[in-house]
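Student: To start, I am sharing the structure in question, which I have written as C-alpha cells.
Just so it is clear, none of the values below were taken in a lab; they were calculated from the coordinates. Predicted model only: the values in this text are computed from it and were never measured. Every residue, glycine as well, gets a Cβ built from its backbone with ideal geometry; the counts of neighbours run over all protein chains shown.
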Amino acid sequence: MNGLGGQDAGALPGPVTDLDSEPFFAGLRRRVIVVQECAACERRRFGRLGACPYCSAPGGTDVEVSGEGVVHSFVRVHRPLTPAMADEVPYAIATVELDAGVRMVGRIEPPEVAAIGVRVTSRFVDHDGWTELRFTAS
C-alpha cells in the first residue's frame, strides 16, 4: 500500500508551476515549507506577491517555516471531481493557520479527524515529479 488509497502515486495530477510558485514547490521537494516575508513589516504571506499586501512595501524574502498549525476550515470530499481522484475519496481538504502566521491549503489525514481547531503538522508526499504538502493530526 502506498498511502494513496491503493492508487499509484504517479497518477495524481501535479501542479503547473510559474516564477512565483516554483520556490514553494522546490521547498516541498526539499521537505520544507517556503513562504514570503516582508522586510518592512515582517508579516508573512502565502503565495508570493510582488509587494506586501499589508504595508505595500515592494518585494519580499523567501523564508522556511514550521508546518505546525491549526485547522481553520475544511471540507470533506465524498465524490471525486476527476477520474484521477476516484480512489482517493473520502478525503479532507483544509485551510490551515500555520503557527508561522500564514494560511495554506492541504489535505488532512486521516479525513475523519478533520475539524476546526484540530492541531496538525506537515507531511510531505512524493509523486511522480512533484511533492505534495499534507497535514496530519498531531
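Student: Lys/Arg Cβ at +1, Asp/Glu Cβ at -1, dipole of the stretch 9-137 taken about the Cα centre: which of HIS127, GLY59, ALA114 is farthest positive-ward?
Tutor: ALA114
Student: Further, regarding this structure: Tell me the net charge near GLY27. Cut-off is 11 Å between Cβ atoms, GLY27 excluded, with +1 for each Lys or Arg and -1 for each Asp or Glu.
Tutor: Details: positive: ARG29, ARG30, ARG31; negative: GLU22, ASP62, GLU64.
Local charge sum for GLY27: 0.
Student: Follow-up question, since we're still on this one. Select from ALA26, ALA115, ALA57 the residue whose mean-square fluctuation is largest in a Gaussian network model of the chain (Cα-Cα springs shorter than 10 Å).
Tutor: ALA57
Student: Once the cut-off is 27 Å, how many percent of the Cα-Cα pairs in the chain end up in the long-distance tail?
Tutor: Details: 2168 of 9453 pairs.
Roughly 23 percent, rounded to a whole number.
Student: Taking only DSSP H segments of four or more residues, each worth -39500 (n - 2.57), what value at 222 nm results for the chain once the sum is divided by all its residues, to the nearest 500 deg cm²/dmol? Intermediate values should be presented prior to the final figure.
Tutor: On the way: 1 runs with 8 residues, N = 138.
Helix-only estimate at 222 nm: -1500 deg cm²/dmol.
Student: Next question. Kindly list the residues of the stretch 75-97 that lie in the label zone of GLU112, defined by a backbone N under 18 Å from the point 7 Å along the Cα-to-C-beta vector.
Tutor: Only 75-79, 88-93 fall inside the zone, counting backbone N under 18 Å.
Student: Of the residues VAL96, VAL63, VAL71, which exhibits the maximal mean-square fluctuation in a Gaussian network model of the chain defined by a 10 Å Cα contact cut-off?
Tutor: VAL63
Student: Hey, another quick one. At ALA51 and THR17, where each label point lies 7 Å from the Cα along Cα→Cβ, what is the point-to-point distance in nanometres?
Tutor: Each label point is offset 7 Å from its Cα along the Cβ direction, giving 2.8 nm.
Student: Right, another one. Over the stretch 9-137, what is the relative contact order in whole percent, taking alpha-carbon pairs under 8 Å and six or more residues apart?
Tutor: Reported relative contact order: 24 percent.
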